[in-house]
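> Below is one structure. I have some questions about it.
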Amino acid sequence: MATTSGAGTELIPTVAQIAVQAFELKVQPKAGAPSTWRSTGATCAIGSHPSNDLVLEAPQVSRFHCELRLTPRGLLLKDLGSSNGTLLDGVSVIEAWVRPGSRLVIGSVTLEVQLIGRENTIATSERETFGALAGSSAAMRSIFAQLERAAASDITVLIQGETGTGKEETAAALHAHSARAAKPFVVIDCSALPATLLESELFGHERGAFTGAHATRAGAFEEADGGTVFLDEVGELPLELQPKLLRVLEAREFRPLGAQAPRTTDVRVIAATNRDLRKEINEGRFRADLYFRIAVLRVTMPPLRTHPEDLPIIARKLLQGLAAQPAQIEALLTPAFLSSLRAATWPGNVRELRNHLERCLLFSAGLPLEEAAPPAAPPSSVDARRPLEVERRRHVEAFEREYVRALLEAHSGNVNAAAQAAGVDRAYLYRLIKKLSLKPQ
């Protein structure tokens with residue numbers, strides 16, 4: 001049972017320890033690393049930067065090269081946008097499942113992977129809800145254990161996860177359970193504004209600082225003094241603003257646009273992103289020093305498809321948030337309806353589930369899941385009377401159009417999320433959308 005200390009503050013409750021699979025990496029050649037590395041948690045970040053779990057001092061190894069992560073389905077390998085790629089059993093991969101005995105080639109180093117039984121333990125919370133979040137699975141209770149510890153301190157937190165996994169709800173819950181709960185919680189979406197306006201939103205401006213600045217305006221770091229600033233989609237923060245955010249984190253001071261002197265602030269910063277910022281660092285779009293200041297604690301929200309056992313408790317929590325009456329909730333959450341929820345893949349995660357439940361509540365029935373629009377009729381059969389390049393271009397364009405349309409629909413028109421899911425650069429996807437005369441929703 002958790003105890004409380006002061007308004008909005010909860011001390012760390014008693015936690016349980018659960019056993020998790022351990023894995024081992026045999027390094028050949030040693031490349032400055034031990035000949036054998038054994039996991040102590042669920043992840044292993046690999047690269048040449050000293051902050052990695054396994055540091056490889058070898059040619060062609062990127063600062064943040066790749067990561068191994070244990071999931072309920074097994075061991076998942078993800079390349080972090082490395083310069084020279086990652087080979088798994090001789091195949092270049094972006095993301096793939098790793099089998100026992102698999103060999104990874106990273107630059108000039110070969111790693112042999114072995115699973116060695118349930119030898120590690122992780123802390124899990126006794127609770128099944130944390131603010132608006134809900135779940136009884138080991139994955140969610142492990143998240144809650146991290147959040148409880150984070151709420152009891154002023155540590156800077158980076159929340160990672162796919163679109164719709166509840167990153168803003170996580171940040172709000174952290175604030176509500178902290179000693180700053182009675183102070184402001186200010187949200188800034190770093191993807192919503194151009195750099196000039198975003199700078200003013202963050203740091204404020206003086207009257208006359210720029211055209212249209214008819215009055216002095218306080219920014220987020222002034223408005224939230226004593227409270228929390230939540231930087232959503234921090235991976236979209238323009239490079240020119242990143243040193244200024246770093247200054248706030250390191251010195252707790254900022255300078256409004258047009259101001260002659262810096263001002264101090266007492267805020268906690270929580271950031272969120274659906275990108276892997278280590279990949280952004282490798283590609284020169286995010287500063288490494290800023291990453292380490294905002295990622296003091298990293299909390300990764302799991303996609304809904306990886307913990308379907310939590311669907312009943314999450315659905316109940318969402319329906320309560322939609323002001324459903326107890327009788328309505330019980331009538332809706334039948335075994336058959338819950339079975340249909342578990343069978344879905346939920347690409348939009350909890351946000352998509354909430355929308356579906358809201359529709360069901362409106363019609364007082366467990367509606368079937370909305371299917372993606374059926375694909376357009378395939379192009380006509382190959383016309384051998386046309387030149388090869390003309391016919392090939394026709395078929396490629398038809399495929400691109402259908403793929404991009406479905407991709408944008410799956411991500412509610414969010415080009416950044418769509419590009420990440422497709423494994424392509426955002427600028428490339430924008431060019432493709434323009435070429436095909438499509439429009440994000």
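> Kindly establish whether Leu322 is at pLDDT below 95 and either out of contact with any helix residue (DSSP H, G or I) (no Cβ under 7 Å at 6 or more places or on another chain) or more than 30 Å from Asp154 (Cα to Cα) (or both).
Yes: the conditions hold for Leu322.
> Another question, then. Restricting to the stretch 75-95, name every residue that is among the aliphatic types (A, V, I, L, M) and either in a strand (DSSP E or B) or closer than 11 Å to Ile106 by Cα (or both).
Selection gives Leu75, Leu76, Leu77, Leu87, Leu88, Val91, Val93.
> Pairs only if they're at least six apart or on different chains, beta carbon under 8 angstrom, first in the stretch 306-329 and in contact (Cβ under 8 Å) with a residue 12 or more places away in the chain, second polar (S, T, N, Q) and assigned to a loop (DSSP other than H, G, I, E, B); list them, first residue then second.
Close Cβ pairs satisfying both conditions: His307/Ser137; Glu309/Ser136; Glu309/Ser137; Asp310/Ser136; Asp310/Ser137; Ile313/Ser136; Gln328/Ser364.
> Still on this structure, I have one more. Just give me the residues in the stretch 59-112 being without any contact (Cβ under 8 Å) to a residue 24 or more places away in the chain, closer than 21 Å to Ala22 by Cβ and surrounded by 15 or more Cβ atoms within 10 Å (Cβ to Cβ), in sequence order.
Within the stretch 59-112, Leu76, Leu88, Ala96, Ser102, Arg103 qualify.
> Does any residue in the stretch 414-440 that is within 19 Å of Thr163 (Cβ to Cβ) come within less than 7 Å, Cβ to Cβ, of a residue that is open to solvent by 90 Å² or more (accessible area, probe 1.4 Å) six or more places away or on a different chain, and which pairs are these?
Val415/Tyr430; Gly423/Ile94
> Now, a different point. Do you know which residues across the stretch 33-58 are over 18 Å from Asp276 (Cβ atoms) and either of a type outside the set (Asp, Glu) or surrounded by 20 or more Cβ atoms within 10 Å (Cβ to Cβ) (or both)?
Correct list: Ala33, Pro34, Ser35, Thr36, Trp37, Arg38, Ser39, Thr40, Pro50, Val55, Leu56, Ala58.
> Also, quick follow-up: Could you list, ordered by first residue, the pairs with Cβ atoms under 9 Å in which the first is in the stretch 218-245 and closer than 19 Å to Arg263 by Cα and open to solvent by 30 Å² or more (accessible area, probe 1.4 Å) and the second is assigned to a loop (DSSP other than H, G, I, E, B) and among the charged types (D, E, K, R), at least 6 apart or interchain?
Asp225/Lys183; Asp225/Asp266; Pro243/Arg287; Lys244/Arg255
> So, one more: Could you say whether any residue in the stretch 251-261 is part of a helix (DSSP H, G or I) and out of contact with any Gly (no Cβ under 8 Å at 6 or more places or on another chain)?
Looking through the stretch 251-261, at least one residue is part of a helix (DSSP H, G or I) and out of contact with any Gly (no Cβ under 8 Å at 6 or more places or on another chain).
> Then there is this: Kindly evaluate Ala251 against the criterion of being aliphatic (A, V, I, L, M), without any contact (Cβ under 8 Å) to a residue 24 or more places away in the chain and more than 30 Å from Pro303 (Cβ to Cβ).
yes
> Return the residues of the stretch 375-411 that are modelled with pLDDT of 65 or more and of a type in the set (A, V, I, L, M, F, W, C); say none if nothing qualifies.
Hits for the stretch 375-411 are Val382, Ala384, Leu388, Val396, Ala398, Phe399, Val404, Ala406, Leu407, Leu408, Ala410.
> Going by what's in this entry, would Arg255 be described as in contact with a Pro (Cβ under 7 Å, 6 or more places away or on another chain) and farther than 24 Å from Ser83 by Cα?
yes
> Looking only at residues in the stretch 118-147 that are more than 21 Å from the chain's Cα centre (by Cα) and surrounded by fewer than 18 Cβ atoms within 10 Å (Cβ to Cβ), which one is farthest from Arg38 (Cα to Cα)?
My answer is Glu128.
The values are calculated or read from the model by the stated rules, or taken from the named source; none is laboratory data. If you're wondering where the values come from, they're calculated on a predicted model, not measured in any experiment. Positions of Cβ are backbone-derived with ideal geometry, glycine not excepted, and every protein chain shown enters the neighbour counts. These area figures cover heavy atoms from the full protein model, side chains too; ligands, DNA and RNA do not enter into them. Shrake-Rupley method; radii C 1.70, N 1.55, O 1.52, S 1.80 Å.
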